[in-house]
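Chemist: One structure, pasted below without further comment.
What follows is calculated from the coordinates using simple rules that are stated; it is not laboratory data. Bear in mind the structure is a predicted one, so any value in this text is a computation, not a measurement.
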Amino acid sequence: MNKLKRTSAEMVRAARDRIEEIETADLIARVDDPDVVIVDIRDIRERQRTGAIPGAVHAPRGMVEFWVDPDSPYYKEVFGQSGKTYVFHCASGWRSALTVATLQDMGFEAAHLKEGFSTWADQGGPVEQVEKSD
């Protein structure tokens, strides 16, 4: 096996050192704030299995950079709203940390949910079921 120059854990640590992390309780308190856009980057199967934060935008991890870039043919208007606070999340906070670090490199300001969706329901966060699509 090839030795990696940098492990995924090291990449997550480095990302967390330079991004804003939001605690679960703090995001629960702001879940109805119209100035906060919660972005779920988990795979659709994860969302169907465990539910989702009501009102969260689903942006699959593999498309995020393209969806926030106004010059991309895949750009989504939801990411062009002025004055909004964007908070990205995954299941445990690893993928979202890497995502937010990359977005900051692009010039897109965002934060991420430190512990991800893993502690959301346990701390009283609302959850909606995600229907399976055909």
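Chemist: Between Met1 and Lys76, what length in nm is gained on full extension when 0.36 nm per residue of separation is reduced by their alpha carbon distance?
Modeler: 23.0 nm
Chemist: Whole number please: convex hull volume per residue of the Cα set in the stretch 58-134, in Å³?
Modeler: 121 Å³
Chemist: For Lys5, list the lysines whose Cα falls under 25 Å from its own Cα; do not include residues on the same chain fewer than 8 positions away.
Modeler: Counting by Cα, and skipping residues close in sequence, Lys5 has no lysines nearby.
Chemist: Give the lysines whose C-alpha is closer than 18 Å to that of Lys84, dropping any in the same chain fewer than 8 places away, or say none.
Modeler: Straight-line reach from Lys84, under 18 Å: Lys76.
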